[in-house]
Every structure is written in structure tokens, then in C-alpha cells.
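Single-structure report; data block below.
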Amino acid sequence: MSSLDTIPVCTEVASGNVEPLLHEIRHALQRLAEGKEGTVIDLKRLPLAPGEEERIEATLGTGEVRAEIDALGPTLIQETSYPGVWLITHKNADDVVVARFVEVTYIPELLRSQQADIDAGIDRLEDELKN
């Protein structure tokens, strides 16, 4: 055994993608503020090292708005501490994360009512008012 074997070594795996991703989010937020279209970033498609997704989440923080949707598994939509930046997590029925997105927009698309649903709601309300 050499004396080098007694030196504790700690290795850290990093993809180098966290900082560029945060810059991409900042640029997307700037574009949104200028009236341009929102941006969706698929975190599951990015090569991230263990712990980097958690680092991104910690950096973005938690905002005031939170919505939960239960359709084919739970979905959590959480505003970050930066207004206009949303973290969206989709899980399957077994509570396993199947998709994770950062959405830079005024309101996440998933929360917007769809035209077909609005039309059906109008029909139901009209039927209710007839009674």
C-alpha cells in the first residue's frame, strides 16, 4: 500500500449543463418579457449528471403558485421563484416521474382551458339553466 492510498479522494460527476441551462432559461424569460413566444425545456432529454436536476430545481426555487392535476397519474405544476418560469413534473400511476419540463410562459399550456372543453361546458351550463 502506498501513501497515496491513504489520501481521501472525492470525485464529482458533472455534465457541465447546469449553468448553460440556467442561461437558456434567462434568455427565454427575456424573450417572453419582449412579447415573444414561450419556451419549453425537456429536462429528461438533457444529459444531466446525478444531482444536477436537483441543483437546477434548488437554483430556481419555489414560487407562490402550485397546481396539481390528476389525469393518467399526478402532474405537479410549480411556479419557481422567478415569475414566468414553471417546473412541471408528470408521474405515471405508479408515482414514477415520466416527464419533467421547465416551461417559460405566463401560464403553462396544461392549465389553459381547451376550446372543446369550453364548448362542452357551455352546453352543460345551458342544459342546467333549462331545468
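The values are calculated or read from the model by the stated rules, or taken from the named source; none is laboratory data. In this text the structure is predicted, and so the values were computed from the model without any measurement. Here the Cβ positions follow ideal geometry from the backbone for every residue, glycine too, while neighbour counts run over all protein chains shown.
Listing for the model above:
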item	result
Considering residues of segment 19-42 that are among the basic types (Lys, Arg) and within 18 Å of Glu109 (Cα to Cα) only, the residue surrounded by the fewest Cβ atoms within 10 Å (Cβ to Cβ)	Lys36
Top-ranked residue of segment 52-96 - restricted to ones that are surrounded by 12 or more Cβ atoms within 10 Å (Cβ to Cβ) and among the small types (Gly, Ala, Ser), ranked as farthest from Arg26 (Cα to Cα)	Gly73
Whichever residue in segment 1-18 is part of a helix (DSSP H, G or I) and loosely packed, with under 10 Cβ neighbours inside 10 Å and, among such residues, is modelled with the lowest pLDDT	Leu4
Residue identified as modelled with pLDDT of 95 or more and surrounded by fewer than 15 Cβ atoms within 10 Å (Cβ to Cβ) among Arg45, Arg100, Arg112, Arg124	Arg124
